[in-house]
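The values are calculated or read from the model by the stated rules, or taken from the named source; none is laboratory data. Not measured: the values here are computed from a predicted model. Don't worry about glycine lacking a Cβ; one is built from the backbone with ideal geometry, like all the others, and counts go over all protein chains shown. SASA here: full protein model, heavy atoms, side chains in, ligands and nucleic acids out. Shrake-Rupley method; radii C 1.70, N 1.55, O 1.52, S 1.80 Å.
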Amino acid sequence: MSGSTAAEAAAILKEEVDIVIPTIRNVDFLEKWRPFFQPYHLIIVQDGDPSKPIKVPPRFNYHLYNRNDVNRLLGPRAHCISFKDSSCRCFGFLLSKKKYIFTIDDDCFVAKDPSGKEINALEQHLKNLLSPSTPFFFNTLYDPYREGTDFVRGYPFSLREGVPTAASHGLWLNMPDYDGPTQLVKPLERNNRYVDAVMTIPKGTLFPMCGMNLAFNRELIGPAMYFGLMGEGQPIGRYDGMWAGWCMKVISDHLGLGVKTGLPYIWHSKASSPFVNLKKEYKGIYWQEELIPFFQSVSLPKECTTAQKCYIELSKQVKAKLGKVDEYFNKLADAMVTWIEAWEELNSSGEKSEALSNGPAK
Ligand SMILES: O=c1ccn([C@@H]2O[C@H](COP(=O)(O)OP(=O)(O)O[C@H]3O[C@@H](CO)[C@H](O)[C@H]3O)[C@@H](O)[C@H]2O)c(=O)[nH]1
Ligand SMILES: [Mn+2]
C-alpha cells in the first residue's frame with residue numbers, strides 16, 4: 001500500500017476506529033497526538049478514584065469512563081474488569097462498537113523515524129491490519145505487503161495470499177517494556193534502535209505482548225483481548241498484556257489469523273518503578289514458566305469457529321490445567337467466562353450502544 005493510499009485509508013477508517021486509553025494520571029499527552037488523533041473517537045478509561053477530575057484537552061471527540069461506569073454498565077459482572085492496573089483498558093474494548101481498536105498508554109508520545117519525521121503510529125497500525133499476514137512460512141524480507149518489498153525466492157506461491165491480520169503489536173523507543181528485575185539491573189538502558197521492520201509472528205510461536213502500543217481487529221479477535229484479573233485484590237499485576245497476548249495468539253493460530261509485530265514505534269517517556277513492578281510481577285515471573293508450556297500445548301477443537309467459542313473452551317482448559325498451579329487461575333477462568341457474557345450482552349443486537357451508555361461524545 002503506498003503512503004498516500006494508506007493516508008486515505010486511515011481517513012476513511014476514522015468511523016471504524018476507537019482509540020482506547022487507560023489512565024490513572026491524566027491525558028495531557030493527547031496534545032502531542034492532536035494532528036493524528038483528533039479525527040478519531042477516544043475511549044478513556046479512568047482507573048483509580050472516580051471522583052478525581054480528569055481534564056481532556058479541548059476539541060477531542062471522546063467518552064470518559066470510570067469505575068462507577070464499570071459498575072453501572074456491568075452490574076454483577078463488573079468484577080471481571082480489574083482495578084488499579086492497566087488491564088482496565090479492556091473495558092474500552094468491550095464498549096467500543098468499532099471494527100478496529102488502537103490502545104495506547106498515557107505516557108507514550110510521538111516518536112520520530114531516523115529521518116526525523118514524526119511517526120503516525122495509528123496509520124502504520126492500520127496498514128499492518130489492512131494487509132494480510134504470513135504465519136505459515138517466514139519471509140526473510142519481513143512483511144511482503146509493504147511498499148518496496150515482496151516474497152523472496154522460494155516462498156511458496158500457494159501461501160502468498162496470506163491470511164487476515166488480527167493484531168498489530170507496535171514497539172517503543174526510549175523506555176523499553178522490561179520487567180522489574182531487568183529494569184533493576186539496567187536502570188539506564190534506553191531503546192534507541194529503530195528497526196524498520198514489520199513481521200508476522202509465526203504460527204505456534206508465542207510472544208510477550210504489551211498493551212502500550214497495540215491495535216487489533218475487534219471483529220476478528222476482540223473477545224480474546226481480555227486483559228485478565230490484575231491489580232488491586234489480585235495476587236498479580238502487570239501481566240495483563242502477557243495473558244491477553246498468549247490467549248489471543250493461540251486463538252489466532254487456531255482460527256487462521258495473523259499477528260504482526262514491529263513498526264510503528266511510539267516514544268515511551270516514563271519508567272515505572274522497578275521495585276513496585278517487581279512486587280506486582282513476582283508471582284507472574286515464576287508462574288510464567290508453567291503458563292507458557294500450557295499455552296504451547298493448547299489445542300482447540302474444530303467446532304470452535306469464533307473467538308468467543310475459542311475463549312470459552314480456553315477458559316475450561318485454564319481451569320483444568322492451571323487451577324492446580326494456584327487457586328487464582330480458577331478465579332481467572334471464571335472471569336474469562338464472565339468477560340464473554342459481558343461481551344455478548346454488549347455486542348448482541350439491541351445492544352446498549354457505547355454512545356448511549358455514557359451519553360453523547362464530548
Ligand atoms: O493502576 C494503574 C496503573 C497504570 N494505569 C495506566 O496504564 C498505563 C501503563 O502504566 P505505566 O505507564 O505506569 O506502566 P508501564 O510499566 O510503563 O506500562 C507497561 O506495563 C504494562 C503493565 O502495567 C502495561 O501494559 C504496559 O503498557 C498508563 O496509561 C497508566 O496511566 C492504570 O490505568 N492503572
Ligand atoms: Mn509507561
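Computed from backbone phi with θ = phi - 60° and the Karplus coefficients 6.51, -1.76 and 1.60, the 3J(HN,Hα) list for the range 36-50 is 9, 9, 4, x, 9, 8, 9, 10, 9, 9, 7, 9, x, 4, x Hz; x is used for glycine and proline.
Within the accessible area of the range 124-272, the carbon and sulfur atoms contribute 56%, probe 1.4 Å, all protein chains present. Working from Cα pairs under 8 Å separated by at least six residues, relative contact order for the range 3-353 is 19 percent. Computed about the Cα centre, the dipole magnitude for the chain is approximately 240 debye when only Lys and Arg (+1) and Asp and Glu (-1) carry charge, each at its Cβ. Residues within the reach of a label modelled at residue 275 (point 7 angstrom out along Cα to beta-carbon, backbone nitrogen below 19 Å), restricted to the range 166-187, are 179-187. Rolling a 1.4 angstrom probe over the protein heavy atoms with all chains in place gives the range 59-169 an accessible area of 43 Å² per residue. Residue-wise HN-Hα couplings along the range 273-289, as the Karplus relation 6.51 cos²θ - 1.76 cosθ + 1.60 with θ = phi - 60° gives them from phi, are 5, x, 6, 4, 4, 4, 4, 5, 9, 4, 5, x, 5, 8, 4, 4, 5 Hz; Gly and Pro carry x.
Heavy atoms of the protein chains alone define the surface here; on that basis the range 211-348 has 38 Å² accessible area per residue at 1.4 Å probe size.
Less than 5 angstrom separates the built amide H of residue 227 from those of 90, all sequence-distant by 5 or more or on a different chain. Cross-link partners of residue 117 among lysines, defined as those whose alpha carbon lies under 24 angstrom from its own and excluding same-chain residues fewer than eight positions apart: 14, 32, 127, 260, 270. What percentage of the solvent-accessible surface of the range 273-362, computed with a 1.4 Å probe over protein heavy atoms, is contributed by carbon and sulfur atoms? Heavy-atom surface of the range 273-362 belonging to carbon and sulfur, 1.4 Å probe: 57 percent. Ellipsoid fit via the Cα gyration tensor, the chain: semi-axes of 28, 26, 22 Å, each the root of five times an eigenvalue, largest first. Taking θ as phi - 60° and the Karplus parameters 6.51, -1.76 and 1.60, the scalar couplings of the range 236-252 work out to 8, x, 6, 10, 4, x, 4, 4, 4, x, 5, 4, 4, 6, 5, 6, 4 Hz in sequence order, x denoting glycine and proline.
Note on residue 195: accessible area is roughly 70 Å² with a 1.4 Å probe, heavy atoms of protein only. Helix-only arithmetic for the chain: the sum of -39500 (n - 2.57) across DSSP H runs with n ≥ 4, divided by the residue total, places the mean residue ellipticity at 222 nm at -11000 deg cm²/dmol.
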